[in-house]
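Asks: Okay, here's the structure, questions in a sec.
The values are calculated or read from the model by the stated rules, or taken from the named source; none is laboratory data. The shown structure was predicted, so the numbers you read here are calculated from the model rather than taken from an experiment. Every residue, glycine as well, gets a Cβ built from its backbone with ideal geometry; the counts of neighbours run over all protein chains shown.
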Amino acid sequence: MKVLHCIPVLFLLFTFRTIVAQVPEHQGTFKSIDGKMTGSPVVLLGDTLFHLNASYGAFSADERARALSMRLMEVVREKHFYPDSLEAVAIDNNYHVIYRQRTLMVVQPADTSGTGLTQAEIAEEFIGLLNKELADISVRFNIKTILKYVGYTAIVIVVLGLIIWLLNLVFRKVQRYTDQNKDKLFKSIKINNYEFLTAEREYNVAKILLKFLKLGLIIILFLIALPLIFSIFPATEGVTRKIIGLVWSPVRDILLAIVNYLPELITIIIIFLVFRYLVRFVRFLSDEVARGALVIQGFHPDWAKATFNIIRVLLYAFMFVIIFPYLPGSDSPIFQGVSVFLGLLISLGSTSLIGNAIAGLVITYMRPYKVGDRIKVEDITGDVIEKTLMITRIRTIKNEEITVPNSKILTGYTVNYTTATLDQGLIIHTTITIGYDAPWRTVHGLMIAAANKTEGVLADPKPFVLQTSLDDFYISYQINAYIKNSNGMAKIISDLHQNIQDEFNRAGVEIMSPHYRAERDGNKVTIPENWEKETRRQGD
């Protein structure tokens, strides 16, 4: 902030340069020759001397008046004024008012119209005015007035520097107090369990805001001081108006734009509130349907959330269409072009996204599965843990979490193991091969007995056996059993296999593999030698 301490010095140098570059003016005391005269005013130091009505050659009355004002200003700016050097000279039909061999004004016959004076009288009155006033004004303009204006400027600069010094002092004390009481003043801001803003970050933000506040106040002081200084000098009064205009014009335009936009803003707020409460009402209906309090014929409760999301998107889209004409700049070609460009980018870049969203909607209303169901998608088997508009998340029996796009599910096939369990139960099955020497009734009984001993298998409906093939060396037997726990299907099948082995081993019936050939010529059988001893040891 050391740079800010140098600002008053730089400002003083700038003001001094302005004083030297633009000589200040003093309000004169000239009076008009004829107060009733109208036309183009001849102005000197902010005071109107008289008016010109007639043109002269190719010069209009306005051009003549401006040229005469500039010539009189040149006389005032000179170090010395010589009253004896003013004279009126008749040339042809005109009177030339000359000062030190320079023609200041040409009085032509047309200038006497409406005055009741002759050309000579007008020229003499003009010379009398100049002799009476210019000498005194010239002296005061170049010495006394300048000193007075410089004094005023110095006072303004000193006051400005004093205010800036006090401002820096106040902010230094505030900064010192903040540093000493940092732990008391700043506490962390938390949203639920998330620490949104730590105490240290809050302290740093406060320091930055203090710096910006001090800088803003200094800028405001300069914006006040500059027009005040420039207004001291008549020659720079126009600069004051320009500075005030530069600052006030955009502020005024912004305020007027805000005031003029208030009706549209109120309309937008009303439209937003109407649609907001309409969405809340639809949400209420959706929740009622989802929990079964409101029953709609043919509308399933699990459709409620998806239907609400669709209606909400449509309502907000319709709301935006209504609000769009009320937005500032909505009728601008640039605004419309940007809107079209963004819409094109979104449509081109979201083809797969829209495809997944549409597939998610179709799956929602097809209801092939719900969260918690055990399903199989192609070669993926697991439980559905999340179902959204874009994807379905599955946890496999190996505890793997797999994300499947909805478009892939829609274009493939899906097996739901859970749906059937709601009625009679899901049928699990497994197949074994037994030689022709074993009676099929015995095999059926052993397989059914194994199924009945398996935990999770239902006693009613009863398990049943199907003979699926008669091959060259064996017969294929398939045991089918009903279960209610589809999520534990893998464990139940594993237990069923163990019980089948035990039952067949206990009965002395060999389970033949597809390539095992049993010839009753004394070859070793497939039943384990120590099976009975091992099963008794394990408590079977």
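Asks: So which pairs qualify, if the first residue must be in the range 156-167 and in contact (Cβ under 8 Å) with a residue 12 or more places away in the chain and within 13 Å of Leu228 (Cβ to Cβ), the second must be in a helix (DSSP H, G or I) and polar (S, T, N, Q), the Cβ gap must be under 9 Å, and the two must be at least 6 apart or on different chains?
Replies: Val156/Thr15; Ile157/Thr15
Asks: Another question, if that's okay. Would you mind stating whether Thr103 is of a type in the set (S, T, N, Q) and either under 20 Å from Phe59 (Cα atoms) or part of a strand (DSSP E or B) (or both)?
Replies: Yes, satisfied.
Asks: Evaluate the following for Ala449: is it in the same structural domain as Asn505 (by TED's automatic domain parsing), in contact with a Lys or Arg (Cβ under 9 Å, 6 or more places away or on another chain) and in contact (Cβ under 8 Å) with a residue 40 or more places away in the chain?
Replies: Criteria not met by Ala449.
Asks: Of the residues in the range 421-457, how many are under 18 Å from Thr381 (Cβ atoms), outside any loop (DSSP other than H, G, I, E, B) and in contact with a helix residue (DSSP H, G or I) (Cβ under 8 Å, 6 or more places away or on another chain)?
Replies: 5
Asks: Residue under question is Ile479, and the condition is that it be crowded, with 21+ Cβ neighbours inside 10 Å and modelled with pLDDT of 90 or more; does it hold?
Replies: So Ile479 fits the description; yes.
Asks: If you don't mind, another one. I'm trying to understand the selection: among the residues of the range 175-226, which are farther than 30 Å from Val247 by Cα, assigned to a helix (DSSP H, G or I) and touching a helix residue (DSSP H, G or I) at 6+ places or on another chain (Cβ under 8 Å)?
Replies: Answer for the range 175-226, where residues must be farther than 30 Å from Val247 by Cα, assigned to a helix (DSSP H, G or I) and touching a helix residue (DSSP H, G or I) at 6+ places or on another chain (Cβ under 8 Å): Gln175, Thr178, Lys182, Asp183, Leu185, Ala199, Tyr203.
Asks: Residues Gly343, Gly329, Gly360, Gly382: which one is at pLDDT below 75 and crowded, with 16+ Cβ neighbours inside 10 Å?
Replies: Being at pLDDT below 75 and crowded, with 16+ Cβ neighbours inside 10 Å holds for just one of Gly343, Gly329, Gly360, Gly382, which is Gly360.
Asks: From the list Ala199, Ala257, Ala290, Ala235, which one is modelled with pLDDT under 85 and within 30 Å of Arg312 (Cα to Cα)?
Replies: Unique residue meeting the criteria: Ala290.
Asks: Looking only at residues that are of a type in the set (Ser, Thr, Tyr) and farther than 30 Å from Trp165 by Cβ in the range 178-196, which one is modelled with the highest pLDDT?
Replies: Ser188
Asks: Moving to a separate point now. Report whether or not Val279 is part of a helix (DSSP H, G or I) and either acidic (Asp, Glu) or at pLDDT 90 or above (or both).
Replies: Considered against the rule, which asks whether it is part of a helix (DSSP H, G or I) and either acidic (Asp, Glu) or at pLDDT 90 or above (or both), Val279 comes out as yes.
Asks: Same structure again: Which of the residues belonging to the range 405-427 are modelled with pLDDT of 85 or more and over 20 Å from Met489 (Cβ atoms)?
Replies: If the condition is that a residue be modelled with pLDDT of 85 or more and over 20 Å from Met489 (Cβ atoms), then Pro405 is the only one that fits.
Asks: Being at pLDDT 85 or above and at positive phi, is that true of even one residue in the range 445-453?
Replies: no
Asks: Counting only residues that are farther than 20 Å from Leu361 by Cα and of a type in the set (D, E, K, R), which one in the range 385-402 is surrounded by the most Cβ atoms within 10 Å (Cβ to Cβ)?
Replies: Out of the qualifying residues, it is Arg395.
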